[in-house]
Amino acid sequence: MTAYDFPVRFDSSRPIAFGIARDVAEEGYDVVLVRDVLGRFTLIVDDDSKGVDAGQYDRWSATLHDRLGPYCGKRRILLKSRMFSADALLRSPRAIDAPDGSTSVGSVRFLDNTVVGESWTQVSTPSAPQLGPRTHRTALYGFKGGVGRTTATSVLARSLADTGKIVLVIDLDLESPGIGPLLLGTGRLCRHGVVDHLVESALGNEEGLEIVARSGYEPRNRGELWIAPARGAGDDTPNAYVDKLNRVYADSPGASFADRLEATVRACEEAVEKGDSGRRPDVVLLDSRAGIHDVAAVTISRLCDLALLFGADNAQTWSGYRDLFEAWAASGQGPDIRHKLRMVASMVPDSVHHPMEIYLRSFRLNSYDCFSTLYDEVMAEEPQQADSGEGPSGGIPFAPSPEDDSAPHHPVPILFEPGLVGMNVPDSPQWQERVFVRAAYLEFLATVVPLVLADPVDGNDDEEETG
């Protein structure tokens, strides 16, 4: 019989476990709370500098058992002094500081073991090369599909290439490849694709793959447009793509899926550099899979400088993004991820009965409500700092107002254009040159192109010549 008269469920187990861990920390111990793949908790206590007596051990163990029920691990308490390699867990780089976990005498860290999705809570920004210009990486992501993300990727890629940039588009929508036909035009599809590299690299067999193709589109100003398709031309082996797709997410010895996906992106960039001009990509656009999925997790959290979040103003959009933002906030990643993000309001209506201004006002307020999870709280007596938008850890709160048009929550609009619905690209040559297409993406391009080319740290535009 537990201390509670109702079953402990997964949702409630975490705050209970964190509360117990904080109580132990307040007794003067640094602790790590470890959750296994089934959701069960074990508490590791660092007793190096302060011993634990039998009474304490039994009390903590009984509390975990009584309060967590089925979510109490089989080994409830582990003391560092009795462990063979405790530092591997106590100092693990995967462990994060628990929100509100530290006390004046002890600390709480959290190590979560999951089957998938850990990459959502491991945010980083690609490092700049030691030599040469930086390659700007932008992810385009939608929590729900069907919001025009891939079409926008195509329009953005051509626009950037027309400014003289070397642009590479990598199709990471592995289960539903689509960007290739939109951009390839009269170009020749390469034999292999992203999926081939992921499968072959697990065996160290990726050398010699043909994974990028040059678009048949000829950009202005000496720009170049390249594509790394999810699916290459391949050969005629039946069911080959599905067979490979079923294996791409497996962790291989010494390299997780996230590591291999990062290596694949680098390999695509290097393949472009080996092309006719020998120029490295200035911009890489990552067309990510929708939903809360490992590909999206690695792409947004680890591979990009900027993530454009597509959505329509409906309950599904905000429910999905709220889940995502709360996960980042709970894992302590909010200050690192929020500067990467920018909302895109896709398929925005604009008619007599559905004015764009009213739609975008509703979108902005719902977006702000979601993003507030990632923003800092500001005291009433500090209004002068509320809209500063300064760095995450410089002592100045990051708390933009709902009206701040440079804030992550402020939507960049793309107008709904019925002429694009159901368009067959091969039968629609020069579709991006049509007046209605240019009108739909006018504000999107004017806002997003400078963001893509901005430095990820200080936001300065990249003025470097690439010609």
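Points worth noting:
- Residue list for the stretch 277-305, restricted to those being hydrophobic (A, V, I, L, M, F, W, C) and open to solvent by less than 20 Å² (accessible area, probe 1.4 Å): 283, 284, 285, 286, 295, 296, 297, 298, 300, 303, 304
- Flag if residue 144 is within 29 Å of residue 309 (Cβ to Cβ), open to solvent by 10 Å² or more (accessible area, probe 1.4 Å) and at pLDDT below 90: yes
- Of the candidates 196, 162, the single residue that is over 21 Å from residue 135 (Cβ atoms), charged (D, E, K, R) and open to solvent by 10 Å² or more (accessible area, probe 1.4 Å) is 196.
- Subset of the stretch 152-177 (residues that are outside any strand (DSSP E or B), under 20 Å from the mean Cα position of the chain (by Cα) and more than 11 Å from residue 227 (Cβ to Cβ)): 152, 156, 173, 174, 175, 176
- Elements of type strands (runs of 3 or more DSSP E) contained in the stretch 18-117, each with 2 or more residues being open to solvent by less than 80 Å² (accessible area, probe 1.4 Å) and under 20 Å from residue 333 (Cα atoms): 30-35, 108-112
- Condition met for residue 240 (open to solvent by 20 Å² or more (accessible area, probe 1.4 Å), over 24 Å from the mean Cα position of the chain (by Cα) and closer than 20 Å to residue 176 by Cβ): yes
- Residue within the stretch 247-258 that is part of a helix (DSSP H, G or I), closer than 17 Å to residue 294 by Cα and open to solvent by less than 50 Å² (accessible area, probe 1.4 Å) present: yes
- Looking only at the stretch 299-315, residues that are out of contact with any strand residue (DSSP E or B) (no Cβ under 9 Å at 6 or more places or on another chain) and either free of Cβ contacts under 8 Å to residues at least 24 places away in the same chain or β-branched (Val, Ile, Thr) (or both) come to 2 in all.
- Which listed residue is at pLDDT 85 or above, among the aliphatic types (A, V, I, L, M), open to solvent by 30 Å² or more (accessible area, probe 1.4 Å) and under 16 Å from residue 230 (Cα atoms), from 189, 184: 189
- Within the stretch 322-366, the set of residues being in contact (Cβ under 8 Å) with a residue 60 or more places away in the chain, in a helix (DSSP H, G or I) and either buried (at least 21 other Cβ atoms within 10 Å of the Cβ) or hydrophobic (A, V, I, L, M, F, W, C) (or both) comprises 324, 327, 328, 329, 330, 337, 338.
The values are calculated or read from the model by the stated rules, or taken from the named source; none is laboratory data. All values derive from a computational prediction rather than experimental measurement. Note: ideal-geometry Cβ built from the backbone for every residue, glycine included; neighbour counts use all protein chains shown. Ligands, DNA and RNA are stripped out before the accessible areas are found, and what is left, the full protein with its side chains, is counted by its heavy atoms. Shrake-Rupley method; radii C 1.70, N 1.55, O 1.52, S 1.80 Å.
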